[in-house]
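Encoded as structure tokens, the structure appears first; notes follow it.
The values are calculated or read from the model by the stated rules, or taken from the named source; none is laboratory data. Bear in mind the structure is a predicted one, so any value in this text is a computation, not a measurement. Here the Cβ positions follow ideal geometry from the backbone for every residue, glycine too, while neighbour counts run over all protein chains shown. Please note that ligands, DNA and RNA were not included when accessible areas were found on the heavy atoms of the full protein model with its side chains. Shrake-Rupley method; radii C 1.70, N 1.55, O 1.52, S 1.80 Å.
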Amino acid sequence: MRLADDPEVSAFRAEFAAFLDARLPTEAEARERARSSAQVPPWARKWQRTLFDAGWLLPGQPPEFGGRNATLPQQLSHLEELAHRRIYHSFNPQGLGIVAASLITFGTEEQKKRWAVPVLRAEITAALGMSEPGAGSDLASLRTRAVLDGDHFTVNGQKVWTSGAHDADILLTFVRTDPDAPKHHGISALVIPTDTDGVVRRPFGSLAAPDDLDFNEVFFTDVRVPRENLIGPLDEGWRVANGSLGHERTLLWLSFAERLDDLIRDAPCQEEWYATLLMDAQALRLLGYRQLGPDRNPAEISVLKLLGSEAVQTAGLHALEAQGADALRHPTLTGPYHHMNAEDFIASWFERYARSFAGTIAGGTSEIQRNIVAERILGLPR
């Protein structure tokens with residue numbers, strides 16, 4: 001259940017709210033919109049640096065990484081305050097929440113200074129090179145090859161679904177460095193600058209629209225990458241990959257709770273399924289708040305991810321069907337515009353439903369989450 005904030009958390013939230021009241025960009029300042037998940041407009045870069053410098057970007061981190069060593073309940077209150085005000089945390093979400101977080105966890109001090117801090121300060125942007133044509137959910141099947149030759153790797157292969165790659169400055173890329181090792185071994189993580197010779201990025205449209213250019217194919221042809229760009233030990237990239245996905249999943253449930261709140265606000269409320277939407281939203285928050293306790297089970301994050309992503313998709317489908325042919329009018333807005341938020345969340349009913357499929361795939365598909373729940377919570381055999 002959700003208990004009332006203790007005085008320390010209440011004071012933390014009040015301080016952050018006062019900061020937002022005083023420093024939030026105006027609608028006129030935030031007129032330019034992001035074109036991809038790694039194309040951050042100048043005003044948004046400035047705003048992210050403002051958050052970083054004040055310790056409000058990632059409060060759970062130490063000050064040198066844009067935080068203030070906040071507790072987990074304080075971090076939750078920070079995200080809730082952003083959500084309440086319809087403020088998108090970062091217009092380079094994978095750079096902030098996955099790439100920089102992974103560099104902080106697994107990188108050397110020099111790597112943190114060279115890449116993590118500039119990403120956090122929005123001086124550069126980052127994308128995540130994981131999925132391949134034959135290795136999506138089964139990341140361990142990746143075939144992009146990196147051969148170590150002296151002080152450089154030579155990389156050849158392909159990635160796909162790489163969000164924002166055509167606008168990103170660096171890619172955190174997972175490659176196979178030992179082809180003879182067992183499936184989950186022999187993988188390494190490299191930071192590859194996107195302007196390196198041999199790197200080709202090809203954006204392509206999404207289900208939402210042909211000109212919705214965020215996804216990319218990325219090709220590597222004899223790309224030379226300095227060994228100093230290796231993140232973590234050689235051949236131990238699987239641990240880095242799991243850490244990267246762990247960063248993505250930890251409070252991911254809260255973003256699904258926000259999407260359910262959006263649907264509660266915008267969807268027709270006279271339908272029977274609307275009651276299920278209300279119950280799903282409440283259940284997700286109650287289960288999420290359990291993760292604040294000392295006895296939390298990390299595997300329960302899969303329950304939250306599964307419930308949240310599928311509840312958003314189900315409610316989105318109901319809302320789409322309730323609108324009939326009008327739901328296919330695109331592009332249009334179906335909710336109130338806020339200059340600090342992303343328009344994806346209030347786009348046409350068609351687009352909102354189409355985008356819900358990303359939630360059941362990114363960060364581990366629903367099938368993967370069900371396997372985790374079965375094995376690690378229910379104790380079923382593999």
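Tabulated data for the structure shown
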| item | result |
| --- | --- |
| Selected residue (criterion: most open to solvent (accessible area, probe 1.4 Å)) from residues of region 117-132 that are farther than 20 Å from THR177 by Cβ and in contact with a strand residue (DSSP E or B) (Cβ under 8 Å, 6 or more places away or on another chain) | ILE124 |
| Out of ALA189, ALA181, ALA165, ALA146, sole residue that is surrounded by fewer than 19 Cβ atoms within 10 Å (Cβ to Cβ) and either touching a Cys at 6+ places or on another chain (Cβ under 7 Å) or of a type in the set (Gly, Ala, Ser) (or both) | ALA181 |
| Filter result for the condition that a residue is within 22 Å of the chain's Cα centre (by Cα) and at pLDDT below 90, over ALA362, ALA342, ALA347 | ALA362 |
| Filter pass, ASP266 being of a type in the set (Asp, Glu), surrounded by fewer than 21 Cβ atoms within 10 Å (Cβ to Cβ) and either at pLDDT below 95 or within 22 Å of the chain's Cα centre (by Cα) (or both) | no |
| Exclusive hit being under 19 Å from the mean Cα position of the chain (by Cα) and either in a loop (DSSP other than H, G, I, E, B) or without any contact (Cβ under 8 Å) to a residue 40 or more places away in the chain (or both), set GLY308, GLY288 | GLY288 |
| Residue that is nearest to the chain's Cα centre (by Cα) [pool: residues in region 126-149 that are touching a residue at least 60 places away in the same chain (Cβ under 8 Å) and more than 16 Å from ALA362 (Cα to Cα)] | ALA126 |
| Members of region 1-55 that are open to solvent by less than 20 Å² (accessible area, probe 1.4 Å) and in a loop (DSSP other than H, G, I, E, B) | PRO25, ALA30, ALA38, VAL40, PRO41, GLY55 |
